[in-house]
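Accompanying notes for the structure given below.
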Amino acid sequence: MVNKIFFFLVIIGVPLSVAGSLLHWSQILMFGVYCLTIVSLAAYMGRATESLAVISGPRIGGLLNATFGNAVELIISIFALREGLIEIVLASLTGSVLGNLLLVAGLSFFVGGLKFKRQKFNVYDARHNSGLLMFGVIVAFVIPEVFSMDMSDAEAISLSTGISIILIVLYLAALFFKLVTHRGVYQHVSNQEGSDAGGKHVHEEPEWSRKKAMIVLALSTAAVAYVSESLVHTFETVGDTFGWSELFIGVIIVAIVGNAAEHASAIIMAYKNKMDVAVEIAVGSTLQVAMFVAPLLVLISLFFPVQMPLVFTLPELVTMVTAVLLMIVISNDGETNWFEGATLLAAYLIMGIGFYLL
Amino acid sequence: MVNKIFFFLVIIGVPLSVAGSLLHWSQILMFGVYCLTIVSLAAYMGRATESLAVISGPRIGGLLNATFGNAVELIISIFALREGLIEIVLASLTGSVLGNLLLVAGLSFFVGGLKFKRQKFNVYDARHNSGLLMFGVIVAFVIPEVFSMDMSDAEAISLSTGISIILIVLYLAALFFKLVTHRGVYQHVSNQEGSDAGGKHVHEEPEWSRKKAMIVLALSTAAVAYVSESLVHTFETVGDTFGWSELFIGVIIVAIVGNAAEHASAIIMAYKNKMDVAVEIAVGSTLQVAMFVAPLLVLISLFFPVQMPLVFTLPELVTMVTAVLLMIVISNDGETNWFEGATLLAAYLIMGIGFYLL
Amino acid sequence: MVNKIFFFLVIIGVPLSVAGSLLHWSQILMFGVYCLTIVSLAAYMGRATESLAVISGPRIGGLLNATFGNAVELIISIFALREGLIEIVLASLTGSVLGNLLLVAGLSFFVGGLKFKRQKFNVYDARHNSGLLMFGVIVAFVIPEVFSMDMSDAEAISLSTGISIILIVLYLAALFFKLVTHRGVYQHVSNQEGSDAGGKHVHEEPEWSRKKAMIVLALSTAAVAYVSESLVHTFETVGDTFGWSELFIGVIIVAIVGNAAEHASAIIMAYKNKMDVAVEIAVGSTLQVAMFVAPLLVLISLFFPVQMPLVFTLPELVTMVTAVLLMIVISNDGETNWFEGATLLAAYLIMGIGFYLL
């Protein structure tokens, strides 16, 4: 059903996007078309990546997910960086962190909690993720913010570059830890919760063959790249028309568009009581943005005219820090319920109002 | 014994308060009279509420406690708001949070810990409370502080209003979670600790009949309202005389007066090794102030000439945030001892010195 | 082996230090000589303290460790204070906290984790330490920072004095808790991990007799004092030559020199899978610096011309706060692995780059 809708949207959306950008149709209209097209293309990228991951086994699959999981966001951001729209890029990174951590996880916990009184997930993963969230968001984002106050721009870029390299290295080390040295070491807890969670990867069949998946991935990535570039050019008009600030567009709109596919699958997993997967999508995606996409964009920006330091605005930083602290406290026991989901959603709502009014 | 003292204080205090405010006696003297009278009236309100809660069962009882638990504070604050004394209201809210979280809990843990080597309470409640503290104090108070820096006053009021509504809704959702959907779900841990904690509500008898309780509640609430209004008018003189800042009066003095009854009962519960109740009073009361009283006052202030945004001073905010973090780390294991109590008291002392010197 | 190297270094280093400071040799050269001499003298102080601790039993031994454990740092700092070098003292305190919490613990977890997949330590100690870290660093250091913004210098000194007294009293209370009232209360968990950890103090023999240990302690303390004074005078030249700021010298160089002996023994303990001891050295030393050395220096500075408030620079404070939060999240489960060590080291690296560029 959902797949059919996305198929329909892609078939209609891609030609419309091409036509609209060539024929200079209303930017407000095209903004909507671009957003829907990207959401549906992202769904194809997700399915292709998933198939390749199943075929390649968990190690290469993990790397593939790490690379293509936030590919849409990465592509949109590179086009925005090339235009020098640093504020929008930082805002959309913030939006991704907040969206995954509060909106995706919040909806998953809430919807899952409406069906099940108590839902459990691997408590070791929760603690491992807490440490990474604390490192990737709080240590690595707060320090350049504070230190750059007393620095020249060149020093701030040096610091950001150093931090970015460390973030990416530690992110790869985390994959190595999870997929190689400590694969299965912390698994027995999951097994106690039911054989379903423990054996979830054993019988999995890829949706598509390797060849089909690679073709779909290549085509949809190219299409996303094309549409994303067009999308970036509509921001100014859209902001002026609706009275939205660049910050609000970046934090809320781009983030929701870029992560829509993940939102859907996390909630479906929670509804099936597969909380390990739902949490992995929400928190794993946050970590990917904070420890891989963001630092990669900093490094890529070194080759563009305007360099991007890893320095967020104070509202962006404070919302990410409080979101991380809230998630750590809520997830650290390896259990969720509807009220914990509601708490995360309430936090997202507060931040959304704040960014809207800013 | 204690009840007799409060009876005596009410019998003497209320007429003295009326006489003093009509005859314009020394404001310093009357400040003391008002404080003692309010403390003893609060004890009556507490007993009446408790009786009604026992009679009405836990659901309505929880709501009653939620409404009347911080009624004194609410009444004093409304009178102060009407006078435009926003700084004092925010300071007294801060003082309530700090007083409950550090002084009440600290004394309870310390006094209980002198008698018992290790005291336990429901670890699920501890985690639930940690999430709410993180949300109610850190997310909901830090965000308006930071965002309002770049906002007009009108926008700051809009943001505060939005956050206040979300806080109250989530507070009610928390009651619904605790009293309806998840009532008893997390109870088995308490049961393991001894049948006393598990069955603590079963054999309880109300102290007063429904009729007597309602009359006492109505009369003492009216009396508190009357005395509170007089109390607010003495702040300026008292501050000038003793060299206390409005901040110190609000954070330390008003908070202790407004919460004296709760302090006493929490410590008595800890001494009886009923840590579940002691923690519920201390942390529950903090959450009530942060998620119900504070936002309600913001909403009420919309009808007064001077509106109150949910924006504390930086020292107020930082003390609340650090107090919450300290409490979360200390309480998260569901165990206490005298040293944890001493740590909380030491934190209160540091903050008290800070506000005194400010 | 290591002991022989230190013996050699002391035999060579002390005469060279005396000669160099009298004959005004190159300050850059002498900086290196002084550092190596202090490191090796510190090893002797450590062994003497350890022998005395074994002879005196755990209570007096704990007090001895508390007093002499950071004696080198204390002595260097007193000389720097006398010279009015407040910035360097605060920087070296920061460096001690960061070095112990991130570098020592990070290396221990990492090196130990290369040999053992999962290493455990007493989870009760971890939680006890978390509470103290939260109090000693976050409450006690953040509050004077924020409050002193709105205070006169005299008020800031009053606040710092008050906080310092409270910190020392609570530190002594923590020793009393650990060594007297709750000695062995939380031990059973350790016992489950193996009889080695549980009985680790039972069969221990002192390395030296009481007399020899006291003589070594007295001589090495005197020598450290002499060399430290010379070391402080080289900072300016060294900073100018290498382009290092006073902040970088204080935070990174002095901290590594002052704590080198501890670094070595923590890592050796981790490699032997004695994680209880490794964590005790790393976190215990942090707490000693934050709750005993730092406040003691504030109190000592009251007798010097320039008084030192407990007010760090913002970068110093933020690095300490984030380091504490990271350590709490990582250590709270009583387990470590190589990746947790790598995370701590990555955080240290980020902060080192920051201080270097500042």
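Do you know which residues across region A:283-296 are open to solvent by less than 30 Å² (accessible area, probe 1.4 Å), within 29 Å of A:V33 (Cβ to Cβ) and of a type in the set (A, V, I, L, M, F, W, C)?
Across region A:283-296, the qualifying residues are A:V289, A:V293, A:A294.
If I ask for residues that are more than 7 Å from every other protein chain (Cβ to nearest Cβ), out of contact with any Phe, Trp or Tyr (no Cβ under 6 Å at 6 or more places or on another chain) and not hydroxyl-bearing (S, T, Y), which ones from region C:318-343 would you list?
Listed by number, the residues that qualify are C:M320, C:V321, C:A323, C:V324, C:M327, C:N332, C:E335.
Cβ-Cβ under 8 Å, sequence separation 6+ or interchain: first residue in region C:325-347 and farther than 16 Å from C:G131 by Cβ and open to solvent by 10 Å² or more (accessible area, probe 1.4 Å), partner β-branched (V, I, T) and at pLDDT below 90. Which pairs?
Matching pairs, first to second residue: C:W338/A:T181.
In this structure, is A:A282 at pLDDT below 95, out of contact with any Cys (no Cβ under 8 Å at 6 or more places or on another chain) and among the aliphatic types (A, V, I, L, M)?
yes
Taking helices (runs of 4 or more DSSP H) that do not extend beyond region B:16-126, which have at least 3 residues that are in contact (Cβ under 8 Å) with a residue 40 or more places away in the chain and β-branched (V, I, T)?
Because the criterion is at least 3 residues that are in contact (Cβ under 8 Å) with a residue 40 or more places away in the chain and β-branched (V, I, T), the helices (runs of 4 or more DSSP H) in region B:16-126 that meet it are B:27-68, B:71-82, B:86-98.
Give, as residue ranges, the helices (runs of 4 or more DSSP H) completely inside region A:243-358 that count at least 1 residues that are under 27 Å from B:L167 (Cβ atoms).
Ranges flagged: A:255-271, A:275-288, A:314-331, A:338-357.
Run down C:V54, C:V39 and say which single residue is surrounded by fewer than 23 Cβ atoms within 10 Å (Cβ to Cβ) and farther than 26 Å from C:L247 by Cα.
C:V54
Any chance you could count how many residues in region A:217-236 are of a type in the set (V, I, T) and closer than 14 Å to A:A53 by Cα?
Final tally of qualifying residues: 0.
So, in region A:72-128, exactly how many residues are charged (D, E, K, R) and within 25 Å of A:V321 (Cβ to Cβ)?
Final tally of qualifying residues: 4.
Check region A:4-21 and report whether any residue there is among the basic types (K, R), crowded, with 19+ Cβ neighbours inside 10 Å and over 13 Å from A:V227 (Cα atoms).
no
Would you please name the residue that is nearest to the other protein chains (Cβ to nearest Cβ), looking only at residues in region C:128-147 that are out of contact with any Ser or Thr (no Cβ under 8 Å at 6 or more places or on another chain) and open to solvent by 10 Å² or more (accessible area, probe 1.4 Å)?
C:V146
Tell me, which residue of region B:239-282 that is open to solvent by 30 Å² or more (accessible area, probe 1.4 Å) and acidic (D, E) is farthest from B:G113 (Cα to Cα)?
Out of the qualifying residues, it is B:D240.
With the structure loaded, tell me whether B:T319 is in contact with a strand residue (DSSP E or B) (Cβ under 8 Å, 6 or more places away or on another chain), of a type outside the set (A, V, I, L, M, F, W, C) and crowded, with 20+ Cβ neighbours inside 10 Å or whether it fails that test.
Answer is no for this residue.
A quick yes/no check of all residues on (1) within 21 Å of the chain's Cα centre (by Cα); (2) at pLDDT below 80; (3) of a type in the set (S, T, N, Q):
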site	(1), (2), (3)
B:A223	yes, no, no
B:V232	yes, yes, no
B:F235	yes, no, no
B:V238	no, no, no
B:G250	yes, yes, no
B:V254	yes, yes, no
B:V257	yes, yes, no
B:A261	yes, yes, no
B:S265	yes, yes, yes
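Mind listing whichever residues of region A:287-317 are among the aliphatic types (A, V, I, L, M) and facing another protein chain (nearest Cβ under 9 Å)?
Result: A:L314, A:L317.
Given (1) open to solvent by 10 Å² or more (accessible area, probe 1.4 Å); (2) within 14 Å of chain A (Cβ to nearest Cβ); (3) in contact with a Leu (Cβ under 8 Å, 6 or more places away or on another chain), identify the lone condition not met by B:L107.
Going through the list (1) open to solvent by 10 Å² or more (accessible area, probe 1.4 Å); (2) within 14 Å of chain A (Cβ to nearest Cβ); (3) in contact with a Leu (Cβ under 8 Å, 6 or more places away or on another chain), B:L107 breaks only (2).
Of the numbered conditions (1) of a type in the set (D, E); (2) closer than 18 Å to C:D125 by Cα; (3) within 11 Å of another protein chain (Cβ to nearest Cβ), C:D276 fails exactly one; give the number of that condition.
(3)
Testing A:S158 on (1) more than 16 Å from C:A346 (Cβ to Cβ); (2) more than 8 Å from chain C (Cβ to nearest Cβ), one condition comes back false. Which one is that?
Unmet for A:S158, out of (1) more than 16 Å from C:A346 (Cβ to Cβ); (2) more than 8 Å from chain C (Cβ to nearest Cβ): (2).
If C:V169 satisfies every condition in (1) under 20 Å from C:A278 (Cα atoms); (2) free of Cβ contacts under 8 Å to residues at least 40 places away in the same chain; (3) among the aliphatic types (A, V, I, L, M) but one, which is the exception?
Unmet for C:V169, out of (1) under 20 Å from C:A278 (Cα atoms); (2) free of Cβ contacts under 8 Å to residues at least 40 places away in the same chain; (3) among the aliphatic types (A, V, I, L, M): (1).
Limited to region A:297-316, what total is found for residues that are among the aromatic types (F, W, Y) and open to solvent by 20 Å² or more (accessible area, probe 1.4 Å)?
Total meeting the criteria: 2.
Test of understanding: among A:E204, A:E155, which residue is over 30 Å from B:F177 (Cβ atoms), modelled with pLDDT of 90 or more and of a type outside the set (G, A, S)?
Going through A:E204, A:E155 in turn, the sole match is A:E155.
The values are calculated or read from the model by the stated rules, or taken from the named source; none is laboratory data. What you see is a predicted model; the values in this text were computed from it and never measured. Cβ atoms come from the backbone with ideal geometry, glycine included; neighbour counts cover every protein chain shown. Surface accessibility is based on the protein's heavy atoms, side chains included, excluding ligands, DNA and RNA. Shrake-Rupley method; radii C 1.70, N 1.55, O 1.52, S 1.80 Å.
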